[in-house]
Amino acid sequence: MCCIESPGEAELAARCGATAIGLVSAMPSGPGVIEEAAIRRIVAGAPPGVATFLLTSRTDLGEIVDQQRRTRADTLQLVDRVAPDALRGLRRRLPGVSLVQVVHVRGEHSVEEAVAVAPLVDAVLLDSGDPDLPVRQLGGTGRVHDWSHSRAIVERAGCPVYLAGGLRPTNVAAAVRAVRPFGVDVCSGVRTDGRLDERLLRRFMRAARGGRDG
């Protein structure tokens, strides 16, 4: 459950079955951005057993390390391309912190991008965006991408793969059946007027589990 903005939202997400919460730091575009002080408070009070994902647009090794140490999140979700040497450096300098590299699925070339980075991280997250635009889109677009490319990544990556991008209660079961991801990630699809909607979230969880069983 991404774009968590308060301890109350974190608690609601966990109560509805979320196993991880996403906390969005400064981004060039997209929803859900909160201050690092708020991220640290939410991390400190996260429900037991719920992973805390810090979404960072930083690409410099030192800046990413400093940001994680300020917020204390247990997982880094790297929403922009991070160089292989920097990924190796994160492993050395942040032992015990999980690395999740976002790949924005825009075509067949995204399959090769994901397969290349997979050995350097703990998981890959597939989203809809375009990091090459003048104002980079690094997620939070609410758009669905081509799930056939996502399925190819799941089959070839050799690591857990999360699926994001335009998911909502009405399409998540189909997405899970088509892609067979390790997990799914949602933000705007379970919000009403920007607020986390418990009814939508519970519908989403039921649908996601139904897709996995189907």
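Rolling a 1.4 Å probe across all protein chains gives residue 159 an accessible area of roughly 30 Å². Each residue of region 26-31 was assigned a 3J(HN,Hα) from its phi angle through the Karplus expression (A = 6.51, B = -1.76, C = 1.60, θ = phi - 60°), giving 3, 9, x, 6, x, x Hz with x at Gly and Pro. Among the cysteines of the chain, those with no neighbouring cysteine Cβ under 4.7 Å are 16, 159. Projected label points at residue 94 and residue 143, each 7 Å from Cα along the beta carbon direction, are separated by 2.7 nanometres. The mean of 1/r over all distinct Cα pairs in region 141-189, once inverted, gives the Kirkwood hydrodynamic radius of 10.8 Å. Using equal-weight Cα scatterers in the Debye expression, the normalised intensity of region 60-195 in log10 at q = 0.10, 0.19 Å⁻¹ is -0.33, -1.12. Only protein atoms count toward the accessible area here, which uses a 1.4 Å probe; on the chain, the carbon and sulfur part of that area reaches 50 percent.
Per residue, the accessible area of region 147-214 comes to 49 Å² when a 1.4 Å probe rolls over the protein heavy atoms.
The values are calculated or read from the model by the stated rules, or taken from the named source; none is laboratory data. None of these values were measured; they are calculated from a predicted model. Every residue, glycine as well, gets a Cβ built from its backbone with ideal geometry; the counts of neighbours run over all protein chains shown. Ligands, DNA and RNA are stripped out before the accessible areas are found, and what is left, the full protein with its side chains, is counted by its heavy atoms. Shrake-Rupley method; radii C 1.70, N 1.55, O 1.52, S 1.80 Å.
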